[in-house]
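Each reported figure results from applying straightforward, stated rules to the coordinates on display, with no laboratory input. Being a predicted model, the structure only gives us computed values, none of them experimental. Cβ: placed from backbone, ideal geometry, glycine included. Neighbour counts: every protein chain shown.
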Amino acid sequence: MSIFVNMNLHEYQGKNLLNDFNVSIQRGYVADSPKEAVECAKKLSDETGTSIFVIKAQIHAGGRGKGGGVRIAKSLDEVEKISSEIIGMKLITPQTSKEGKLVRKVLIAEDVYYNGNSDRKEFYISVLLNRSSSKNMIVYSTEGGVDIEAVAENTPDLIFNEEIDPGTGILPFQSRKIAFNLGLTGLAFKNMIIFITNLYQAYISSDASLFEINPVLKASDDKIIAVDSKVTIDENSLFRHKEYDSMRDLHEENSTEVEARENGLNYVDLDGNVGCMVNGAGLAMATMDLIKLAGAEPANFLDVGGTADKERVEKAFRLILRDSNVKAILVNIFGGIVRCDRVAEGIVSAYKNLDDINVPIIVRLQGTNADMAKEIIDNSGLNVVSAITFDEVANKVQSAIR
């Protein structure tokens with residue numbers, strides 16, 4: 001069973017994807033050095049005639065402008081100067097840790113706010129799955145360019161949504177309804193219908209889990225333009241999109257999750273204090289619920305799969321123990337395909353091979369040869385305790401974290 005994991009794209013990658021589906025975008029080129037940034041600005045000027053350039057740090061986090069990661073340059077000299085200041089900086093935004101994220105690339109984008117403030121408007125538009133209704137949903141607002149969370153909290157009446165049946169796709173009346181609710185008329189109304197239709201097609205065709213554009217700009221000449229883009233792709237669909245896998249930026253991902261993926265383990269880092277090692281995503285989710293019911297918090301989601309041999313168990317332990325917040329480890333394995341006694345042997349072997357296990361380990365092994373597995377654990381002489389029932393597991397987790 002696979003878990004639902006997303007692969008985030010940088011803004012420039014998301015815009016390139018939108019452009020492939022004829023969604024109008026703020027044009028630009030990505031650079032990883034100040035010299036290359038100047039070349040990008042020259043090329044952009046030749047193509048668009050722009051003399052003002054927007055320099056945007058490329059990291060997987062929102063709120064870049066608040067941290068100084070989005071700036072305006074009015075000459076090539078300013079492009080070089082500002083790019084040199086942004087590339088290599090640790091950018092701190094409301095969506096990063098206090099350490100921030102290292103900026104390795106900048107997007108040199110055209111100025112789309114031409115003619116000053118004359119008759120331009122900013123909107124918020126996103127496409128995502130509504131899990132409650134099993135339908136896709138377009139969420140949109142007239143209040144673009146600001147934190148949509150604040151809009152939803154303070155003025156929820158300004159947030160609209162349109163549910164779309166995946167079987168029929170977006171219908172013409174739905175695109176018209178969105179454009180109408182955004183207060184558009186004339187050419188802008190027509191351009192928004194095209195924008196929405198193509199945006200939804202991009203979302204479906206790319207197997208995305210989210211397309212978020214904030215802001216969508218109605219320019220002074222009534223063009224509708226994606227000024228920003230946040231795109232996440234469902235990793236489970238990458239077998240259909242080999243070209244997207246090359247867009248992955250491992251620098252932006254959790255290093256432990258990257259290593260787990262390379263070793264064939266399904267791992268998601270969380271903020272809790274009890275490490276989990278489980279086989280099967282369904283049992284893993286139930287185990288995480290069990291930990292919460294015991295008054296603790298899961299430190300990770302970790303599915304070792306159906307072949308929980310010695311090597312995989314040891315690799316799983318190493319991943320869990322990297323988290324200094326882990327106060328106990330819960331191993332919950334159902335021996336259907338895999339034999340419980342072999343898993344128990346793997347746990348004991350891993351324990352002996354690892355010198356840094358200084359937390360209690362609770363082990364529940366049920367299924368094939370479960371009795372033999374319990375005997376192996378109980379006679380190991382290690383700081384490993386076995387459990388059979390869920391109640392017993394919960395009690396031992398409580399004792400361990402105390």
Task: residue 6 versus residue 258: modelled label distance in nm, points set 7 Å from Cα along the beta carbon direction - done: 2.0
Open item on the list: I need the calculated FRET efficiency for the pair residue 221 and residue 271, taking r as the beta carbon distance and R₀ as 51 Å, to the nearest 0.05.
Closed with: 0.60
Task: Cα centroid separation - the stretch 366-398 against the stretch 1-54, whole Å - done: 54
Open item on the list: Just want to confirm a number: the relative contact order over the chain, from Cα pairs under 8 angstrom separated by 6+ residues, in percent.
Closed with: 13
Open item on the list: If I build a Gaussian network model for the chain, linking alpha-carbon pairs within less than 10 angstrom, which residue out of 72, 225, 388 has the largest mean-square fluctuation?
Closed with: 388
- [ ] Please work out how much length the chain gains when fully extended from residue 251 to residue 19, using 0.36 nm per residue of separation minus the C-alpha to C-alpha distance, in nm with one decimal.
- [x] 81.0 nm
Task: Selection from 300, 205, 58 lying farthest towards where the dipole of the chain points positive, charges on Cβ - done: 58
Task: Relative contact order for the stretch 121-243, counting Cα pairs under 8 Å that sit 6 or more residues apart, in percent - done: 27
Task: Length gained when the stretch residue 35-residue 194 is fully extended (0.36 nm per residue, less Cα-Cα span) - done: 53.5 nm
- [ ] Could you work out how far apart the two model spin labels at residue 134 and residue 119 are, taking each label as a point 7 Å from the Cα in the direction of the beta carbon, and quote it in nm?
- [x] 4.7
Task: GNM flexibility winner over the chain from 180, 301, 21 (Cα, springs under 10 Å) - done: 180
Task: For the stretch 337-346, 3J(HN,Hα) per residue [Karplus equation, 6.51 cos²θ - 1.76 cosθ + 1.60, θ = phi - 60°, Hz, x = Gly/Pro] - done: 6, 8, 7, 4, 5, 5, 5, 4, 4, x
TODO: Would you mind giving the average projected area, over all directions, of the Cα convex hull of the chain in nm² with one decimal?
DONE: 22.5
Task: Pairs from 374/396; 105/177; 15/177; 98/135; 56/98 whose Cα-Cα separation, in the structure shown, is over 27 Å - done: 105/177; 98/135
Open item on the list: For the pair residue 207/residue 84, report the inter-label distance in nm, with labels modelled 7 Å from Cα in the Cβ direction.
Closed with: 4.5
